[in-house]
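What follows is calculated from the coordinates using simple rules that are stated; it is not laboratory data. Note that the structure is a prediction, hence the values are computed from the model and not measured. Reconstructed Cβ throughout: ideal geometry from the backbone, glycine too, with neighbour counts over all protein chains shown.
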Amino acid sequence: MDRGSSAAEVIIVIIPIVGIIMGSVVVFFYLLWNHKRKMLLIKAGENPRTDFDLLSFSLLAGLLLVSVGISLTVFLAIAKGAGDGLLGGIIPLSIGVGLLVFYGIQRRDKNS
């Protein structure tokens, strides 16, 4: 094995790890600053109420997960064939379908 291909393999392995770490840092600081903001609003006598639309979130997350799951499933099926690696695409696909089913059920119940 030549030196160029091993360096490329190391970079390919490191990029997802760095992405996960950076995403975790962003989420941590968002939660920390949001908590501090709410505490300051409570001390000031205001009610920090935020509206969270679960239906819109489940629709967005479901669509994103379905699209990522389909593309990963197709890519992994072509690249590796049927095997355990295919779960990397099937899992987000099934979670996305579940969220879209939840959205459909909740929307139908809300309209009734």
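Structure data summary
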{"item": "³J(HN,Hα), Karplus 6.51/-1.76/1.60, whole Hz, each residue of the stretch 95-103, x for Gly, Pro", "result": "5, x, 4, x, 5, 5, 5, 4, 4"}
{"item": "Fewest-first sequence of Ile78, Ile91 by Cβ atoms within 10 Å of each Cβ", "result": "Ile78, Ile91"}
{"item": "Degrees between helix 3-43 axis and first principal axis of the chain (Cα, 0 to 90, nearest 10)", "result": "0"}
{"item": "For the chain, size of Cβ-based charge dipole, Lys and Arg +1, Asp and Glu -1, in debye", "result": "460"}
{"item": "Degrees, to the nearest 10: 54-80 long Cα axis against longest axis of the chain", "result": "0"}
{"item": "Overall form of the chain per C-alpha gyration tensor (a/c, 1.5; a/b vs b/c)", "result": "oblate"}
{"item": "Residues of type aspartates and glutamates that Lys36 reaches as a straight line, Cα spacing below 16 Å, ignoring anything fewer than 8 places off in the same chain", "result": "Glu46"}
{"item": "Relative contact order of the chain, defined on C-alpha pairs under 8 angstrom at six or more residues apart (%)", "result": "23"}
